[in-house]
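Before any comments, here is the structure.
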Amino acid sequence: MSHGDSNRRPVHIPTADYPITVAPTGRRVTVRIGGQIVADTVDALTLREADRPAVQYVPMADVRGDLLSRTDTTTYCPFKGDAVYYRVTTPDGRVVDDAIWAYEQPFDAVAAIAGHVAFYPDKADITVADG
């Protein structure tokens, strides 16, 4: 094994045993942090991964970019790729670190989530409108 191979991280492809799907949510998604609207979109994507709770991925264009700043946090998912994180600073000064994550160059299986971000449900109020 060459030296470079030791740094290679596993890449997993979704299977019938561990399915991942990405589909348009088709409803309005609003995200609030500290009562402030941080994102509002009708173009969200719902990512379903095996038996985990569904995640709303919101287009970055529909997020209040003026409230975001990148943090140094990064993680790796063998199904989705490298994630970057953002802190949210609300207009009233509330700071919530790593409230948002994004896969800037997601793997092919979830390529649709490029340009989208997701919010931690314990750090943000995520509302998906009925109908």
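Quick one: among A112, A50, A99, which has the greatest mean-square fluctuation in a GNM of the chain with alpha-carbon springs under 10 angstrom?
Residue with maximal mean-square fluctuation among A112, A50, A99: A50.
Apply the Karplus curve 6.51 cos²θ - 1.76 cosθ + 1.60, θ = phi - 60°, to the phi angles in segment 97-108 and return the couplings in whole Hz, x for Gly and Pro.
3J(HN,Hα) across segment 97-108, in whole Hz: 6, 6, 7, 10, 10, 8, 9, 6, 10, x, 5, 4.
Hey, what do the phi angles of segment 33-44 turn into as Karplus ³J(HN,Hα) couplings, whole Hz, using 6.51/-1.76/1.60 and θ = phi - 60°, x for Gly and Pro?
10, x, x, 8, 6, 9, 8, 8, 8, 10, 10, 5
List the chymotrypsin sites (Phe, Trp or Tyr not before Pro) within segment 37-131 that DSSP assigns to loop and that have no more than 13 neighbouring Cβ atoms inside 10 Å. Could the numbers behind the result be given before it?
Details: sites: Y57, Y76, F79, Y85, Y86, W101, Y103, F107, F119; in loops: F79, Y103, F107.
Listed in order of number, the matching sites amount to none.
What residues qualify as long-range amide H neighbours of T25, i.e. H under 5 Å apart, gap of 5 or more or another chain, H built at 1.01 Å from N?
Under 5 Å from the amide H of T25 lie the amide H atoms of A44, L45, T46, each far enough along the sequence or on another chain.
State the percentage of accessible surface on segment 1-126 attributable to carbon and sulfur atoms; use a 1.4 Å probe and exclude ligands, DNA and RNA.
49
State the label only: which of (i) 46, 35, 28; (ii) 54, 35, 23; (iii) 40, 36, 27 corresponds to Cα extents along the principal axes in Å computed from the shown model?
The listed entry that was calculated here is (ii).
Roughly how many Å² is the accessible area per residue of the chain, as a whole number, for a 1.4 Å probe?
On the way: 7550 Å² over 131 residues.
Ligands and nucleic acids excluded, the result is 58 Å² per residue.
The values are calculated or read from the model by the stated rules, or taken from the named source; none is laboratory data. Quantities reported herein were computed from a predicted structural model and do not represent experimental measurements. Backbone-built Cβ (ideal geometry, glycine too); neighbour counts: all protein chains shown. Areas reflect the complete protein model, heavy atoms only, side chains present, ligands, DNA and RNA absent. Shrake-Rupley method; radii C 1.70, N 1.55, O 1.52, S 1.80 Å.
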